[in-house]
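See structure below.
The values are calculated or read from the model by the stated rules, or taken from the named source; none is laboratory data. Since the model is a prediction, treat every value here as computed from it, not as a measurement. When we count neighbours, we look across all protein chains shown, and the Cβ atoms used for this are built from the backbone with ideal geometry, even at glycine.
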Number of protein chains: 2
Amino acid sequence: MKKIINAVPDLVRESCEGFAAAHADLVTLHPEPLYLARRDMPAQVALISGGGSGHEPLHAGFIGRGMLAAACPGEVFTSPVPDQMLAATQAVTGEAGALYIVKNYTGDVMNFELAAELAAAEGLRVESVVIGDDVAVQDSTWTAGRRGVGGTVFLEKIAGAAAEEGRDLAAVKRVAERVMAEVRSMGLALTGATVPAAGKPNFTLEDGQLELGIGIHGEPGRARVDMMPADELVDALLGPITDDLDLGRGEELIVLTNGMGGTPLLELYIAHRAALRALEGRGVKVVRHLVGNYVTSLEMQGLSLSVLRADDELLRLWDAPVHTAALRWGA
Amino acid sequence: MKKIINAVPDLVRESCEGFAAAHADLVTLHPEPLYLARRDMPAQVALISGGGSGHEPLHAGFIGRGMLAAACPGEVFTSPVPDQMLAATQAVTGEAGALYIVKNYTGDVMNFELAAELAAAEGLRVESVVIGDDVAVQDSTWTAGRRGVGGTVFLEKIAGAAAEEGRDLAAVKRVAERVMAEVRSMGLALTGATVPAAGKPNFTLEDGQLELGIGIHGEPGRARVDMMPADELVDALLGPITDDLDLGRGEELIVLTNGMGGTPLLELYIAHRAALRALEGRGVKVVRHLVGNYVTSLEMQGLSLSVLRADDELLRLWDAPVHTAALRWGA
């Protein structure tokens, strides 16, 4: 294992310290229990997320104006604990309440539920949404139901914009639920990734093989298949996505071509081109684009596609100002 | 070799097409000869750069307000040709003239020189700067003198801000030369990378080994050494950088912790933390931060550090609005 780390037990804390120092205008770091919070949080609904580390920039990279109020990083590929979520909730939640954004993994769901109960016992208003946008598999290694993957970026951005506009908790939650209803994702991997505490790859693929429908922790997908040209790879991802969304001609989409961490941007743009051509061939319109590493799996080579069916309201909230470490426009 | 590509001869063009489609608000693509240009270029000095592909987001990701007017992508790790540079120059250069920003590699320097002659013969005013910020080696595989690496981001941003302010060509060139005088970089690699046309890694490292002082094409560096903790790795890069800059106590710096393409952001922030602590220990102040994949080497795992000694003017130009695919603030 070759990693740019010091000791394994310190790596998440040290990485958060580096992040907080680089983005001191945006976030403050609370070391114990560990969470990061938005600096200068206004009186509005607070979006709180979190999950295992190793998926950066998710979630800390999305703290700031127009997105998250706080993020709780767990150990690598391991849910944060309720103490972290409760402390973050206490720090950023005012009278407007908080919305937990939870990716659908058993540990995250359980721990966020417990945190919500603890927060409610303190008189804090907390609602939760659980995102499961991955069409690859119905249940998986660490999930009952679909896994939460790249669509989380759309959820955090759009619900964050609704919170920033001053909407109340019920309205922000409704926007979040609309995003979840309209987004689907699927990914593939060319290589595994090495969790530092394990010291060896979470899975291996033969030369010439890839895994279709992989999860962001290297969970098995739909099938191990032979390498294909980029256009065919993209078709293999888009088919299940567009079938599940039941896209109609003329509908408007936001498309995220997301790198898993170890894929060159050169290749991501080739995949994005292929996605645009395939979607145009289906008679739909891609009206907004995001290409880059947003929901990653350490150094895994591979990518995922996320497609959001957008109406005028979702588009307007997508376009609203955002100022975070990883997404920034209009602010 | 596992790559998300179609046919090797098409990959640069296809990637540029995906890029231009995703960023149609910022750039236009000219397929033959291949270059990308800023949409809605104002009447001001035009910064033009380019180089081999495989270093994305450099350079096309830096086209837009406050940075580049045009970028010419070569084949992977191969200089673009003078026809591309000349066509780009004709497209974006007005009475204010153009400044070529050239990374110091033999092919790039030769081809940009030829393009400058051709442009001058057409009556266009062109000046050039050649950046060599890599302190690792004095001469290298493809270089007489120091290689141009991560510091190019500082050069393009700061000279771009000077151009955007409406300064004349001589003044923009002076700013570019000041940046080059004040920036130094050094990198390391944990793995090689595979140029698609070659089909196999450009070099291999044993498990437990890394290469210090690597170039962005995998050119050999200073030494092959055993893996070290992140703090020691960062010290090994910062020593030559700070020695060469001859930093004095209290000086203000901008620091770029740059991923080579395949390194998780989690690790880059650990390295950034280490860099901040080491620099603070030397009595200097880090006043601006940039952490991410900006000057890459395909899927290589590794990182580079770039340090710029900044005065008030350079800081002000760094902070000036920029709107490109890869860097955006204040605009």
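Brief remarks follow.
- Applying the condition of being part of a helix (DSSP H, G or I) and not small (Gly, Ala, Ser) to the stretch A:78-99 and asking which residue is surrounded by the fewest Cβ atoms within 10 Å (Cβ to Cβ) yields A:Gln90.
- Scanning the stretch B:240-250 finds no residues that are touching a residue at least 12 places away in the same chain (Cβ under 8 Å), outside the structural domain of B:Val137 (by the TED database), touching a Pro at 6+ places or on another chain (Cβ under 7 Å) and crowded, with 18+ Cβ neighbours inside 10 Å.
- Filtering the stretch A:174-220 to residues that are touching a helix residue (DSSP H, G or I) at 6+ places or on another chain (Cβ under 9 Å), in a loop (DSSP other than H, G, I, E, B) and more than 12 Å from every other protein chain (Cβ to nearest Cβ) leaves A:Ala197, A:Gly213.
- Long-range neighbours under 6 Å by Cβ, at least six apart or interchain, first residue assigned by the TED database to the domain that holds A:Gln301 and within 19 Å of A:Thr204 (Cα to Cα) within the stretch A:224-236, second acidic (Asp, Glu) and at pLDDT 95 or above: A:Arg224/A:Glu211
Condition check ((1) touching a Lys or Arg at 6+ places or on another chain (Cβ under 7 Å); (2) small (Gly, Ala, Ser); (3) within 16 Å of B:Val149 (Cα to Cα); (4) surrounded by fewer than 24 Cβ atoms within 10 Å (Cβ to Cβ)) across all residues:
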{"residue": "B:Pro33", "(1), (2), (3), (4)": "no, no, no, yes"}
{"residue": "B:Leu36", "(1), (2), (3), (4)": "no, no, no, no"}
{"residue": "B:Pro42", "(1), (2), (3), (4)": "no, no, no, yes"}
{"residue": "B:Leu47", "(1), (2), (3), (4)": "no, no, no, no"}
{"residue": "B:His55", "(1), (2), (3), (4)": "no, no, yes, no"}
{"residue": "B:Phe62", "(1), (2), (3), (4)": "no, no, yes, no"}
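- Evaluated against (1) touching a residue at least 40 places away in the same chain (Cβ under 8 Å); (2) away from every other protein chain (no Cβ under 14 Å); (3) within 30 Å of A:Ala22 (Cα to Cα), A:Pro57 falls short on exactly one condition, (2).
- Residues being small (Gly, Ala, Ser) and in contact with a helix residue (DSSP H, G or I) (Cβ under 8 Å, 6 or more places away or on another chain) - total across the stretch B:221-254: 1
- Candidates are the residues of the stretch B:255-292 that are out of contact with any helix residue (DSSP H, G or I) (no Cβ under 7 Å at 6 or more places or on another chain) and in a loop (DSSP other than H, G, I, E, B); the one that is farthest from the other protein chains (Cβ to nearest Cβ) is B:Gly283.
- Which numbered condition B:Glu75 fails, given (1) surrounded by fewer than 24 Cβ atoms within 10 Å (Cβ to Cβ); (2) more than 10 Å from every other protein chain (Cβ to nearest Cβ); (3) touching a residue at least 12 places away in the same chain (Cβ under 8 Å); (4) not in a strand (DSSP E or B): (4)
- Considered as a group, the residues in the stretch A:1-48 that are of a type in the set (S, T, N, Q) and either farther than 27 Å from A:Val126 by Cβ or not in a loop (DSSP other than H, G, I, E, B) (or both) include one that is farthest from the other protein chains (Cβ to nearest Cβ), and that residue is A:Thr28.
- From the list A:Val172, A:Val225, A:Val195, A:Val183, the one residue that fits, being among the β-branched types (Val, Ile, Thr) and more than 22 Å from the chain's Cα centre (by Cα), is A:Val225.
- Considering residues of the stretch B:49-72 that are in a loop (DSSP other than H, G, I, E, B) and touching a helix residue (DSSP H, G or I) at 6+ places or on another chain (Cβ under 7 Å) only, the residue farthest from B:Ala24 (Cα to Cα): B:Gly54
- Residue satisfying all of: in the stretch B:293-331; at the interface with chain A (Cβ under 10 Å from one of its Cβ atoms) and outside any loop (DSSP other than H, G, I, E, B); farthest from the chain's Cα centre (by Cα) among these: B:Trp329
- Filtered residue count, the stretch B:221-254, keeping only those that are farther than 30 Å from A:Gly61 by Cβ, within 14 Å of another protein chain (Cβ to nearest Cβ) and among the aliphatic types (A, V, I, L, M): 1
- A single entry from B:Glu113, B:Glu156 fulfils the requirement of being in a helix (DSSP H, G or I), at pLDDT 95 or above and either buried (at least 23 other Cβ atoms within 10 Å of the Cβ) or within 13 Å of the chain's Cα centre (by Cα) (or both): B:Glu156.
- The single condition among (1) within 14 Å of another protein chain (Cβ to nearest Cβ); (2) more than 27 Å from B:Ile254 (Cα to Cα); (3) hydrophobic (A, V, I, L, M, F, W, C) that A:Phe62 does not satisfy is (2).
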